[in-house]
Amino acid sequence: MFRRTLLASALLPLLPAAALAQGAGGNRAAILGRVEAYLNSLTTLRARFLQISQHGGSAEGTAMIWRPGRMRFEYDPPEPLLLVASNGQFLHYDKELHQPSIVPVSSTPLGFLLRPRISLTSGDLEIIGLERVGGLLRVGMRRREAPSEGNLVLVFAEDPMELRQWVVTDAQGQQTRVTLTEIQTGVRFDPLVFAFNDPRFFETQVR
């Protein structure tokens, strides 16, 4: 499971895209605007993550995001998986087997987070749900032209706005939840940790 997907246990049902609970305050456009502003202001992020599959399997690790364009998810042992995004490519690397595979970033659920400019109200993303529960804001989305590929739910704390979790539902209906903790923003990264096209990159991955 973890070698194939990044990114659950039960998720509260999302409201239809056209509706928002009356007691939530504000309106749909304003709330999505706040989310857009937060995501576009995000340059670097480091956090611990806990990934849980629909069938109960779990793994932990460290997540690094450097917008635009770069992302790294390094799993703690014994899980040998390393996932790195850079230059429009997404690397899946098994440290034990030394087997890399590369796919376009655009084919991955979180690829849109790496865009230079994120828009939730125009373009290829369709908002399929919006919900406030217990101080958290859940935003469900999918690609407008490919709804059968699955969907993504982002979960934010609202005060202050902060990305806390995402849930990916794939084309087969399988869900995976990733929860972030120990979140740091504005951190500095060594560019080499994202540069998997550099021959030195794999030398640094030897355990």
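Quick notes on this structure:
- Neighbour-limited loop hits for GluC sites (Glu not before Pro), the stretch 99-155 (at most 12 other Cβ within 10 Å; DSSP other than H, G, I, E, B): 145
- The stretch 85-145 and the stretch 47-71: distance between their alpha carbon centers, rounded to Å: 12 Å
- Summed side-chain charge close to residue 70 - residues other than residue 70 whose Cβ falls under 15 Å, Lys, Arg +1, Asp, Glu -1: +2
- Total formal charge among the other residues, if their Cβ is under 11 angstrom from that of residue 109, Lys/Arg +1 and Asp/Glu -1: 0
- In whole angstrom, the stretch 75-185 maps to an equivalent ellipsoid with semi-axes of 25, 19, 14, each derived as √(5λ) from the alpha carbon gyration tensor and ordered largest first.
- Filtered trypsin sites (Lys or Arg not before Pro), the stretch 90-190: DSSP coil and at most 16 other beta carbons within 10 Å: 117, 144, 188
- Most positive-pole-ward Cα, 92, 37, 151, against dipole of the stretch 22-184 from beta carbon charges: 37
- Normalised by the number of residues in the stretch 22-184, the average gap of Cα pairs under 8 Å and 6 or more apart makes the relative contact order 19 percent.
- Were the residues from residue 183 through residue 99 laid out at 0.36 nm apart, the gain over their Cα-Cα distance would be 27.2 nm.
- Radius of gyration (Cα atoms) of the chain, expressed as a multiple of 2.2 N^0.38 Å: 1.01.
We did not get these values from a lab; they are worked out from the coordinates using the rules stated. What you see is a predicted model, and the numbers here were worked out from it, not measured in a lab. Counting neighbours? That spans all protein chains shown, and the Cβs are built from the backbone with ideal geometry, glycine included.
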